[in-house]
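**Q** If you scroll down you'll find the structure; I have some questions about it.
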Amino acid sequence: MKAWSKAWTGAACAAVLGMATSAQAHDLTCTKRVNGQAAVTASAYPFTANYSFEVTNTHPTLPSLLLTALDPLLLLKGFSFPELPILIPVGESITQTLPVVLDSFDDCETLALIDGNADANFDNSFTATFDLGLSVSTARVTCGAATPDLTCGAATRTLGYYQSHLVPLTACLLSGTIDLGPVAAVSTDIGVQGILWGNPDRYLNGDPRNELDRARFLLAQQVLVATCNQRLFGRVPPDNLLSDARTSLAGVACGGMEVFTSRLRAFNASCSAGPFPLGFISGPATPLAARALGIDPSLPTPGGCAQ
């Protein structure tokens, strides 16, 4: 969940974050941190990267107008800066926060590859622009490799794995269409990747999703992943979890959908470091190609969440 606040501070915040790069400017500086630091390592999964993005007016006498605040990589995880453009008084700042949960090494590595790094880290840029220029700040997450787990049973993989691996998805679809209820029925790599890479907050055309469609979309992603875990690895979700989640998708109880989303995420991560079955072909991780292939097939549905 995103949150933002106005932080009334008397001291200007530097835009330099240790190893991070920065563009200094006369009116505004931006500071980006993850878990309060310039750099962190995801040493165990699930790992929560709590990001903060602060923009401070450093002009000695005048308010400064923040025009844009951008972080393209974290846009995939729901980043936004509200109420732009916004006037920031002298010595004051605007802060936005965003928690990003990485369920597995695959989730972390996928973001690193999208960011253009083959060495399992991402330090994507946060850029604030104003009328006289821009300020840039970065914070690094290093993806610690997961310890292989030979005790958890049949393998599972998380959203990040399927986002970046086309070969297993094609194999998953050989078993037939994946029915995601009101969200979509997907039978091609284009549709599957469209769901995996789709924006839970917005439709393909940029229009915002309502609360019901957002809850459905997040659950549909985890249903898709769990379906492929069952088809490819024989890992069956316990207690009719998958069939009950499909039933929930067709309803309007958003709170119930959130519960099923959380339970399926935990199931999909439960053996994410387990070995693949003998003869399984994973193929290379190519998230850029997979993302480019996908087209989100979901459309607005009528109604809203049940009270």
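The values are calculated or read from the model by the stated rules, or taken from the named source; none is laboratory data. Computed from a prediction, not measured in an experiment: that's the story for all the values here. All Cβ positions, glycine included, derive from the backbone under ideal geometry; neighbour counts span all protein chains shown.
**Q** So which of 154, 171 ends up being in contact with a Phe, Trp or Tyr (Cβ under 6 Å, 6 or more places away or on another chain) and either surrounded by fewer than 19 Cβ atoms within 10 Å (Cβ to Cβ) or among the charged types (D, E, K, R) (or both)?
**A** It is 154.
**Q** Restricting to the range 212-254, give me the number of residues that are free of Cβ contacts under 8 Å to residues at least 24 places away in the same chain and more than 20 Å from the chain's Cα centre (by Cα).
**A** 8
**Q** If you don't mind, another one. Do the conditions hold for residue 58, that is, is it modelled with pLDDT of 90 or more and exposed (fewer than 14 other Cβ atoms within 10 Å of the Cβ)?
**A** Criteria not met by residue 58.
**Q** I need the full set of residues from the range 34-66 which are in a strand (DSSP E or B), in contact with a Leu (Cβ under 7 Å, 6 or more places away or on another chain) and within 17 Å of residue 111 (Cβ to Cβ), in order please.
**A** Those that are in a strand (DSSP E or B), in contact with a Leu (Cβ under 7 Å, 6 or more places away or on another chain) and within 17 Å of residue 111 (Cβ to Cβ): 42, 47, 49, 51.
**Q** Return the total of residues in the range 278-296 being in contact with a Leu (Cβ under 8 Å, 6 or more places away or on another chain) and not small (Gly, Ala, Ser).
**A** Count: 7.
**Q** What number of residues within the range 82-113 satisfy the criterion of being surrounded by fewer than 20 Cβ atoms within 10 Å (Cβ to Cβ) and either in a loop (DSSP other than H, G, I, E, B) or at positive phi (or both)?
**A** Matching residues across the range 82-113 total 8.
**Q** State which residue is nearest to the chain's Cα centre (by Cα) when the search covers only the range 67-77 and only residues that are in a loop (DSSP other than H, G, I, E, B) and surrounded by 15 or more Cβ atoms within 10 Å (Cβ to Cβ).
**A** Applying the filter and picking the extreme gives 77.
**Q** What residue, of 196, 134, is buried (at least 21 other Cβ atoms within 10 Å of the Cβ) and either in a strand (DSSP E or B) or touching a Phe, Trp or Tyr at 6+ places or on another chain (Cβ under 9 Å) (or both)?
**A** That would be 196, the only listed residue that is buried (at least 21 other Cβ atoms within 10 Å of the Cβ) and either in a strand (DSSP E or B) or touching a Phe, Trp or Tyr at 6+ places or on another chain (Cβ under 9 Å) (or both).
**Q** Based on what the data block shows, is residue 166 more than 16 Å from the chain's Cα centre (by Cα), farther than 26 Å from residue 258 by Cβ and crowded, with 17+ Cβ neighbours inside 10 Å?
**A** The answer is yes for residue 166.
**Q** Which of the numbered conditions does residue 182 fail, given that it passes all the others? Conditions: (1) closer than 30 Å to residue 211 by Cα; (2) in contact (Cβ under 8 Å) with a residue 60 or more places away in the chain; (3) touching a Phe, Trp or Tyr at 6+ places or on another chain (Cβ under 9 Å).
**A** Condition (3) is where residue 182 drops out.
**Q** Conditions first: (1) out of contact with any Pro (no Cβ under 9 Å at 6 or more places or on another chain); (2) part of a loop (DSSP other than H, G, I, E, B); (3) modelled with pLDDT under 95. Residue 150 passes all but one, so which condition is the exception?
**A** (1)
Here is a yes/no grid of residues against (1) within 26 Å of residue 75 (Cα to Cα); (2) surrounded by 12 or more Cβ atoms within 10 Å (Cβ to Cβ); (3) without any contact (Cβ under 8 Å) to a residue 24 or more places away in the chain; (4) not hydroxyl-bearing (Ser, Thr, Tyr):
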{"residue": "268", "(1), (2), (3), (4)": "yes, yes, no, yes"}
{"residue": "271", "(1), (2), (3), (4)": "no, yes, no, yes"}
{"residue": "274", "(1), (2), (3), (4)": "no, yes, no, yes"}
{"residue": "278", "(1), (2), (3), (4)": "no, no, yes, yes"}
{"residue": "283", "(1), (2), (3), (4)": "no, yes, no, yes"}
{"residue": "287", "(1), (2), (3), (4)": "yes, yes, no, yes"}
{"residue": "291", "(1), (2), (3), (4)": "yes, yes, no, yes"}
{"residue": "296", "(1), (2), (3), (4)": "yes, yes, no, yes"}
{"residue": "304", "(1), (2), (3), (4)": "yes, yes, no, yes"}
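**Q** Of the conditions (1) surrounded by 15 or more Cβ atoms within 10 Å (Cβ to Cβ); (2) out of contact with any helix residue (DSSP H, G or I) (no Cβ under 9 Å at 6 or more places or on another chain), residue 234 clears all except one; give me its number.
**A** Here residue 234 meets the rest and fails (1).
**Q** Ok, one more. Which residue pairs have Cβ atoms under 8 Å apart, sit 6 or more places apart or on different chains, and have a first residue in the range 89-102 that is under 26 Å from residue 218 (Cα atoms) and a second that is modelled with pLDDT of 95 or more and loosely packed, with under 14 Cβ neighbours inside 10 Å?
**A** Between residues of the range 89-102 that are under 26 Å from residue 218 (Cα atoms) and residues that are modelled with pLDDT of 95 or more and loosely packed, with under 14 Cβ neighbours inside 10 Å, the close pairs are 99/48; 100/48; 101/48; 102/48.
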